[in-house]
Amino acid sequence: MAEPYGQIARPRNACARIDRGPIRAGHRVLEPHRTEQTTLDISSVLFFLLAVGVVGAGIAVVTLRNIIHSAVAMMICFGSLAGMYALLGAPIVAAAQVLIYLGAISVLILFAIMLTQAGDANLPAPFHRQLPIALVVALAVFGLVGWAVIQTDWALAGQAVGAAVAAIATAVFTEYALPFEIISLLILVAIIGSIYLARRPEEDERAN
Amino acid sequence: MVSLEAYLLVSALLFAVGTFGFMARRNAILMLISIELMFNAVNLSLVAFNAHLPPDANAGAVFALMVMAVAAAEVTVGLALVIAIIRTRQTAEVDQYSDLKE
């Protein structure tokens, strides 16, 4: 892994090394992945479509007037993100995204909207009066983070490699066993708390 | 192949959109949805970083899974709170929750 490739004429055995897998730590060429962007391959097209889906649906979520439409746009955004995780080579995260966000959280939010919104036609004004401040803050956040991303030299970033599901499972139950158990406790607390909060007060008195 | 920067820029844009929605919208449920957008933006950057690390490191994917679990717990309690507030105040508009100010 010590030999820098790309700058010198590659010997035959270096090609064999590259075929076995991407070299990560030995990248001497600055940002070698940038040169590969010029070729239009299927993953770039998929990334572009999914990015348009994520960002477009995200903007639709915060701008649409009817909150039901916002929730549907949110589901499109979460689905596109699941595709992006699959494109990044993390199928277990993509599956969890579909199960948790598309399956559970979206249904929960749709139920909450159904329980709370009166179905009248005259929708209230969607935006707070601090709309200009929000716009400035959002643009500042994107500007700062985007500037940091572009300025940083991601020297170690090679090509994307998929994460093995078995390795992730092993890590969850060995290296990250304590956070895993704490999360199970947190979910128990959340269940009890939400049941307590969602209960009507008069049901208490009827029980007594 | 798509570069790491492209994923991080999409993540930053989604986070900014979530920030805007949280600050600008009046509906309490839509503020929760905006928080979910921000969670997802962070998850996307975690998975993107993980994919560009050495193959034996998978902390990013594990973190993303745990963020999802915490987000599910958060949205459960948050929606229960919002429904309880809407039941007592009869409105979902957050700028009408001004009992403490008056």
Is it the case that A:LEU197 is more than 9 Å from chain B (Cβ to nearest Cβ) and either outside any helix (DSSP H, G or I) or modelled with pLDDT of 85 or more (or both)? no
Quick one: which of B:LEU44, B:LEU65 is buried (at least 19 other Cβ atoms within 10 Å of the Cβ) and over 25 Å from A:GLU181 (Cβ atoms)? B:LEU44
State which residue is nearest to A:PHE111 (Cα to Cα) when the search covers only segment B:55-87 and only residues that are free of Cβ contacts under 8 Å to residues at least 40 places away in the same chain and not aliphatic (A, V, I, L, M). B:THR76
Set B:VAL62, B:VAL42, B:VAL67: member being over 24 Å from A:ALA125 (Cα atoms) and either over 17 Å from the mean Cα position of the chain (by Cα) or not in a helix (DSSP H, G or I) (or both): B:VAL62
Condition check: in contact (Cβ under 8 Å) with a residue 24 or more places away in the chain, within 30 Å of B:THR88 (Cα to Cα) and aromatic (Phe, Trp, Tyr). Does B:PHE39 satisfy that? yes
Between a residue in segment B:1-19 that is in contact (Cβ under 8 Å) with a residue 40 or more places away in the chain and any residue that is among the β-branched types (Val, Ile, Thr) and buried (at least 24 other Cβ atoms within 10 Å of the Cβ), which pairs come within a Cβ distance under 9 Å, given they are 6 or more apart or on different chains? B:TYR7/B:VAL47
Using the structure shown, decide if B:LEU32 is hydrophobic (A, V, I, L, M, F, W, C) and surrounded by 24 or more Cβ atoms within 10 Å (Cβ to Cβ). no
Quick one: in segment B:15-68, which of the residues that are closer than 26 Å to A:VAL72 by Cβ and among the aromatic types (Phe, Trp, Tyr) is nearest to the other protein chains (Cβ to nearest Cβ)? B:PHE20
Among helices (runs of 4 or more DSSP H) lying entirely in segment A:7-124, which contain 3 or more residues that are surrounded by fewer than 19 Cβ atoms within 10 Å (Cβ to Cβ) and at pLDDT 50 or above? A:42-63, A:67-87, A:106-116
Residues of segment B:63-102 satisfying the condition of being among the small types (Gly, Ala, Ser) and more than 19 Å from A:HIS128 (Cα to Cα): B:ALA64, B:ALA69, B:ALA71, B:ALA72, B:ALA73, B:GLY78, B:ALA80, B:ALA84
Return the residues of segment A:137-162 that are more than 7 Å from chain B (Cβ to nearest Cβ), modelled with pLDDT of 85 or more and either within 19 Å of the chain's Cα centre (by Cα) or exposed (fewer than 12 other Cβ atoms within 10 Å of the Cβ) (or both); say none if nothing qualifies. A:TRP147, A:ALA148, A:GLN151
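The values are calculated or read from the model by the stated rules, or taken from the named source; none is laboratory data. Please read these numbers as outputs of a predicted model, since none were measured by experiment. Virtual Cβ from ideal backbone geometry, glycine too; neighbours counted across all protein chains shown.
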